[in-house]
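Quick notes on the structure that follows.
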Amino acid sequence: MEGLRVELSSELCLLLPFNQFLQAELKIENKEHHLRLVFAMNEVLVSGKNLKRVLIAMQKKELAFIAKVSSNYQLPPADGAPVIQSIVVTEAKPSNKKPGQRD
């Protein structure tokens, strides 16, 4: 099965099928990026920096996995490289909102 592997911790990993991917939304607020990936059964909220590259890779179905950067990682990321600071996965809820619409 082709899909996105979401590593939430060393003990918990999810595989979300690309054929259940519905939409993505990227918001940038004060240099902090918030990426929302919506699948049929799950919603993945990713926060960090330079996440536009993650969004583009997801669009092309070239993104294999995402994981939060380890707190033990000491080297600064390469210029422009995505840095994932948090990942939250929840059960997807039906929404009447249009992409980009705020509450």
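Some notes on this structure:
- Residues within region 57-103 that are at pLDDT 90 or above, part of a loop (DSSP other than H, G, I, E, B) and either surrounded by 10 or more Cβ atoms within 10 Å (Cβ to Cβ) or not acidic (Asp, Glu) (or both), tallied: 6
- Annotation: Ile28 fulfils all but one of (1) within 22 Å of Glu91 (Cβ to Cβ); (2) out of contact with any strand residue (DSSP E or B) (no Cβ under 7 Å at 6 or more places or on another chain); (3) among the aliphatic types (A, V, I, L, M); the unmet one is (1).
The values are calculated or read from the model by the stated rules, or taken from the named source; none is laboratory data. Here the structure is a predicted model, which means the values were calculated and not measured. So basically every Cβ, Gly included, is an ideal-geometry build from the backbone, and we count neighbours across all protein chains shown.
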